[in-house]
1. Does region 40-277 come out rounded, prolate or oblate, given a ≥ b ≥ c as the square roots of the eigenvalues of its C-alpha gyration tensor, rounded meaning a/c under 1.5 and, failing that, prolate meaning a/b above b/c?
2. How much net charge surrounds LEU377 when only other residues with a Cβ under 15 Å from its Cβ are counted (Lys, Arg +1; Asp, Glu -1)?
3. Identify the trypsin sites (Lys or Arg not before Pro) of region 322-369 meeting these criteria: DSSP loop state and at most 13 other C-beta atoms within 10 Å of the C-beta.
4. What do you get for GluC sites (Glu not before Pro) in region 211-303 restricted to DSSP loop and a cutoff of at most 13 other Cβ within 10 Å of the site's Cβ?
5. Please go through region 20-58 and write out the GluC sites (Glu not before Pro) that DSSP classes as loop and that have at most 14 other C-beta atoms within 10 Å.
6. Using just the helices of the chain, give the 222 nm mean residue ellipticity in deg cm²/dmol: DSSP H runs with n ≥ 4 each add -39,500 (n - 2.57), and the total is spread over all residues, rounded to 500.
7. Quick check on my link table: of LYS77/LYS245; LYS43/LYS77; LYS73/LYS375; LYS43/LYS245, which ones sit more than 28 Å apart, alpha carbon to alpha carbon?
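Every number here is computed from the coordinates shown, using simple stated rules; none is lab data. The structure displayed is predicted, hence computed values, not measured ones. Glycine gets a Cβ as well: all are built from the backbone with ideal geometry, and neighbour counts include every protein chain shown.
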Amino acid sequence: MGVFLDTVPWSGIVRIRDMMFSVENPYRLDQGDVSFDAPESVKAAMARAVAENRTHYLQSTGLPRLRELLAEKMRRKNAIPVGDIDEVLVTNGGIHALYVMFQALLEPGDEVVLPDPVWPPTWGHTIAARATPVFVPLREEIGWRYDVDELRHAVTSKTRAIYLNSPHNPTGGILTRADIEAIADLARERNLWVFSDEAYEDVRFEGEHVSIGSLPGMYERTIPMFTMSKSYAITGVRVGYLSVKDEQVRDRAKKILLYTTSNVCSIAQYGGIGALEGPQDCIDQFTAELRARRDLFYDGIQRLGGIFSGAPPAGAFYAFVRIDPGWRGAAPHASASWAMAEHLIKHGRIGCVPGADFGAAGEGHVRFCFARERKELTGALESMSRLFSTV
Ligand code: PMP
């Protein structure tokens, strides 16, 4: 693995984060983190766990009570026919769940169909599993969804899995039920697995969330993956989970869990129990506030004289906007999105992520996270107005 890791890419988001440390009073619209505080139910459960000395080794797969609640949640909310709690594995956040599933299922040379743009760690996970990413563009004109025919054409005899991420980071596109049904048909026909990344299942402004694992015969060939990071605003607590029906793949996944974590932090897992046993109204409250922030942000960028364009996203909390092709960055630059990102950071103190970092189809765009406090969004918009001289 050692030398091979030299070929696994870093995410440009990390490069941006490092650049942001040198900026005074920055507007941090680069990171995909929410500004909300954790629900009381989570904080109280973690405080209780500390007071009760729940600080010892646990089962590698997770606390049984947590897995019971997660299995119940996936059955009830996602309509995934999860059987025994043995199928449920608790991970160190969603990113670890993805690592576990990619390592457990893929062989060197397997092809994995990924969207373009894609959340960069998924790309890294594919390469780290020595598999080959095959990119299929998401089409902006249809709400950043797949053209399913295009997806069908990307499948070859080497394709092992399709990775789905709906709602999608960075574009906010949501696949419709018809899309998911067509992709399920393709997976059944071509005997493919589906990695279903449902990290943003609760962050939706339009449309429904359909878990592909809920469709007939699909859970057997789907590894659904979720995280508590976004739904409960606990990105730093690190509780993610996945569910695997296939015993052999699950057995491998358990080994990866054992060797990478021994167990996920006990206090975090009690926090997860608190989240699921507590009131769920925080989810709707977060979404309502995020909708207001989305509208505020899009209203602001529309006043910038066309420098950024694009429809507000159906889900997730990113503005993935097109840069005016007529804009000429301060310095000659091979990539318009990097030029814009550097311009915004250096001259406007505004963090954002260049679209090129998400893949070839992302070039010409930048991603802003609008899950920040309203005053941070307003400050960033004022700074942009000054920068692009529209005031
Ligand atoms: N999938 C996607 C598409 C994401 O955007 C993220 C977080 N940004 C994750 C998975 C992982 O979330 P976490 O590790 O914070 O639980």
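1. Verdict is prolate for region 40-277.
2. Here the charged neighbours net out to +2.
3. ARG328
4. Answer in residue order: no site qualifies.
5. In loop regions of region 20-58 (DSSP not H, G, I, E or B), the sparsely surrounded GluC sites (Glu not before Pro) are GLU24, GLU52.
6. One gets -12500 deg cm²/dmol as the mean residue ellipticity at 222 nm.
7. In this structure, LYS73/LYS375; LYS43/LYS245 exceed 28 Å between Cα atoms.
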